[in-house]
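Here's the structure, in structure tokens; my notes come after.
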2 protein chains.
Amino acid sequence: MNALPEVKYLMTPGPVPIPDFVFDALKTTPVHHRSPHFTVLYESLQKGLQYFFQTHNPVLIFGGSGSAAMEAVIQNLFDPGDAVVITQNGKFGNRWVKTAAGLKLEPVEISSPWGQVPHVQDIEATLLASGKKIKGIILTHSETSAGTALNLEEICFRLKRTHPDLMIITDSISSAGILPFYMDNWGIDAAVSTSQKALMNPAGAAFIALSEKARKKLKPATGFRYNALHMYLEAHQESSVPLTPPAQILSGVDACLRWYQDQGLPKIWNQIHSNARIFRKEMLKLGAILPAQSPSDALTAWGFENLNMIQIQNQLLNNYGILVEGGQDVYKGKYLRTAHFGMLKTEDMVRLTQAIAEITSSMLNP
Amino acid sequence: MNALPEVKYLMTPGPVPIPDFVFDALKTTPVHHRSPHFTVLYESLQKGLQYFFQTHNPVLIFGGSGSAAMEAVIQNLFDPGDAVVITQNGKFGNRWVKTAAGLKLEPVEISSPWGQVPHVQDIEATLLASGKKIKGIILTHSETSAGTALNLEEICFRLKRTHPDLMIITDSISSAGILPFYMDNWGIDAAVSTSQKALMNPAGAAFIALSEKARKKLKPATGFRYNALHMYLEAHQESSVPLTPPAQILSGVDACLRWYQDQGLPKIWNQIHSNARIFRKEMLKLGAILPAQSPSDALTAWGFENLNMIQIQNQLLNNYGILVEGGQDVYKGKYLRTAHFGMLKTEDMVRLTQAIAEITSSMLNP
């Protein structure tokens, strides 16, 4: 990889840089998943994950990406033919619609343009108008493709009152540990997150927190199915996992969860919120367009009207060693995306905005 | 984890200890999966994985355990109702039978007792007797639960001549990189391996090599499905992956594959074979029972007739820092299992057999 510039500052909205204390945990703990050491690790992980999701529910440990875990949740909690409302305002909401369709559910979409989010009124209107018995709702809390966040607290509070039977599922992949998120208090039935976002680890492990109502829906698979969550719940009763887990990553995740518990979630949420505020303020001064009307603190999508964004992305990497993420789908070529979570601090936001200022200035005054 | 003895020597048949050069690769390369660096990594991985599987076919990169990858292969290459022969002489063969059943295929089992393996004659007889149109065969090359290995070369050679249309699928999870394995030369259509066995990395990534015949069977999923291999094959055309991959693990796997290419497979196979031979010779001298009649060089299952095997396992860990694996299912409590692959050398075999000699001697002469 000698021909490519070194990535000194990985500022993509996941994966994020892996801190040294996580690598030390990965390296010094070769935990075999059928050893007593794993039982200790598993129990420590439960404690940490329950804090992370703000729940007393068990958190199942799954090997695969966030999409695999979301598919597992949708497949296990619903049956073919079930009508499920899905909010869709970006690439990931769209993926859960396609996932539900692939599983022969009846997805009822609530679509908003990228940058906007559906509000509780839209959701209630859809539930009333559908005329179907809606079994559940799938909400993408922070939509990484568009850089937006739902008002999840308000939506959950209202739905719990007006539709108490509805199964509420959240894609919390880029929200848990990043934005205020209270699974139990908000009455969420299933929440999914992964190792490579707020948990600052290699990608490869996903985490599925399930309420009692959700756990009651789990049934043993006919034959063997990798994502039959019933099998994971059974193993959980013995502080274990049914299949080879990404055990080293779990050691790293455990180290990260201890850091969360030491720091406290509010302090971490505040730092991320501050990063987002500083970054956006500076970017607006530079004349940037920030397309998110309901921005997520996890990341910001940003662009400049008459400048070549690919060129900016390349110059950030080539001249500053800063890797930022391109836009996907409708944002492709128009906006770039940069993270505010992980170990990022004020100085990282300053470094990035200064680099952007220099690049755009030299593009405008060549 | 202070109360538990430190694992100094992890000798389980996967996960295996992660060498320092792999950790260095994991640590120094934060590769984002949508960066040009990932393209370079992907192409290097292809070269290495093709060497590893001895194939010119593309090798798809999948996030999840070996079981998830095997399920993906079975689901993508066959349709509900297809009759598929599956050899079954241990826990993993049994899992592929259950997986096929769960996918509504018609599994035709060829069962042998643990420790034995089905021979080509058994397989041909089954194919003749079944009276069904058999679409494929699933062979567990090295059965980790029982410590046995099929004569895969002979089986493939014969089947290619007598049943050229049969799709041949191998669970190579504990055979590729460990036992002689030649995907192209033996005419194998799909082979699966994982990161935490011969590739000496954290668990979390799986690798699926597919022949042209197998690739032709892939169809786009209706909606989105995590394990729709067609999506991975499409991304492969652009040296990419469709979903967040376990990218750090892939950097480690790349480092390991370079080591394979530097050393050469035959040298590595010879070292593993030598480890197995030395270990078994010493164990027989100690009066051990080795239940595998067709042993795999990947590992040995071993026991002592009148001794408590759990006590031996505990003493190995408590007094020597050696972690070995217990038996599963019918081997539970009767046999322990220890690996011969990874970076293990003659001195590791000697250390282990000496520890076993001391423990059994003190148990017999307390």
When you go through (1) of a type in the set (S, T, N, Q); (2) buried (at least 24 other Cβ atoms within 10 Å of the Cβ); (3) away from chain A (no Cβ under 14 Å) one by one for B:GLN237, which number turns out not to apply? (2)
Grab the helices (runs of 4 or more DSSP H) fully contained in region A:65-154, keeping just those with 2 or more residues being more than 24 Å from A:ALA209 (Cα to Cα). A:120-129
Filter region A:211-222 for residues that are outside any loop (DSSP other than H, G, I, E, B) and closer than 12 Å to A:ASN76 by Cα; the one that is least open to solvent (accessible area, probe 1.4 Å) is A:ALA214
Exactly one condition in (1) closer than 21 Å to B:ILE249 by Cβ; (2) more than 7 Å from chain B (Cβ to nearest Cβ); (3) not in a helix (DSSP H, G or I) is false for A:THR12; which is it? (2)
Tally time: how many residues in region B:294-351 are farther than 25 Å from B:LEU265 by Cα, touching a residue at least 40 places away in the same chain (Cβ under 8 Å) and part of a helix (DSSP H, G or I)? 12
Tally the residues that are among the polar types (S, T, N, Q), within 12 Å of another protein chain (Cβ to nearest Cβ) and in contact with a helix residue (DSSP H, G or I) (Cβ under 7 Å, 6 or more places away or on another chain), restricting the search to region A:30-83. 2
Residue within region B:151-158 that is in contact (Cβ under 8 Å) with a residue 12 or more places away in the chain and in contact with a Leu (Cβ under 6 Å, 6 or more places away or on another chain) present: no
Please enumerate the residues belonging to region A:155-180 that are assigned to a helix (DSSP H, G or I) and open to solvent by less than 10 Å² (accessible area, probe 1.4 Å). A:ILE155, A:CYS156, A:LEU159
Set A:VAL108, A:VAL97, A:VAL120: member being within 14 Å of chain B (Cβ to nearest Cβ) and either within 19 Å of the chain's Cα centre (by Cα) or at pLDDT 95 or above (or both): A:VAL97
When the residues of region B:181-210 are filtered to those that are open to solvent by less than 10 Å² (accessible area, probe 1.4 Å) and hydroxyl-bearing (Ser, Thr, Tyr), which remaining residue is farthest from the other protein chains (Cβ to nearest Cβ)? B:SER193
Which numbered condition trips up A:VAL7, out of (1) out of contact with any helix residue (DSSP H, G or I) (no Cβ under 8 Å at 6 or more places or on another chain); (2) not in a helix (DSSP H, G or I)? (1)
Would you point out the residue of region B:167-181, among those that are in contact (Cβ under 8 Å) with a residue 60 or more places away in the chain and hydrophobic (A, V, I, L, M, F, W, C), that is nearest to B:ILE74 (Cα to Cα)? B:ILE169
With the requirement that a residue be hydrophobic (A, V, I, L, M, F, W, C) and crowded, with 24+ Cβ neighbours inside 10 Å, what does region A:118-138 give you? A:ILE137, A:ILE138
Among the listed residues A:ALA209, A:ALA191, identify the single one that is within 24 Å of A:ASN275 (Cβ to Cβ), aliphatic (A, V, I, L, M) and touching a Phe, Trp or Tyr at 6+ places or on another chain (Cβ under 6 Å). A:ALA191
It is to be established whether one or more residues within region B:39-57 are more than 18 Å from B:VAL241 (Cβ to Cβ), of a type in the set (Asp, Glu) and outside any loop (DSSP other than H, G, I, E, B). no
When region A:317-365 is examined, which residues are found to be on the phi > 0 side of the Ramachandran plot and open to solvent by 10 Å² or more (accessible area, probe 1.4 Å)? A:ASP329, A:GLY333, A:GLY342
Residue that is within 13 Å of chain A (Cβ to nearest Cβ) and crowded, with 19+ Cβ neighbours inside 10 Å, where the choices are B:ARG258, B:ARG225, B:ARG280: B:ARG225
Does B:SER294 satisfy the criteria of being under 26 Å from the mean Cα position of the chain (by Cα), surrounded by fewer than 18 Cβ atoms within 10 Å (Cβ to Cβ) and of a type in the set (S, T, N, Q)? no
Among the residues of region A:102-115, write down those that are open to solvent by 70 Å² or more (accessible area, probe 1.4 Å) and closer than 20 Å to A:ILE155 by Cβ. A:GLU109, A:SER111, A:PRO113
Complete set of residues in region A:58-92 that are touching an Asp or Glu at 6+ places or on another chain (Cβ under 8 Å), surrounded by fewer than 24 Cβ atoms within 10 Å (Cβ to Cβ) and farther than 21 Å from A:LEU127 by Cβ: A:LYS91, A:PHE92
Does A:GLY264 satisfy being more than 14 Å from chain B (Cβ to nearest Cβ), closer than 20 Å to A:PHE341 by Cβ and without any contact (Cβ under 8 Å) to a residue 60 or more places away in the chain? yes
State the number of residues belonging to region A:10-33 that are of a type in the set (Ser, Thr, Tyr) and buried (at least 18 other Cβ atoms within 10 Å of the Cβ). 2
Are any of the residues in region B:240-248 surrounded by 19 or more Cβ atoms within 10 Å (Cβ to Cβ), touching a helix residue (DSSP H, G or I) at 6+ places or on another chain (Cβ under 7 Å) and more than 11 Å from chain A (Cβ to nearest Cβ)? no
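The values are calculated or read from the model by the stated rules, or taken from the named source; none is laboratory data. This is a predicted model, so every value here is computed, not measured. Because the Cβ atoms are built from the backbone with ideal geometry, glycine has one as well, and the counts that use them run over all protein chains shown. Side chains included, ligands, DNA and RNA excluded: accessible areas come from the protein's heavy atoms. Shrake-Rupley method; radii C 1.70, N 1.55, O 1.52, S 1.80 Å.
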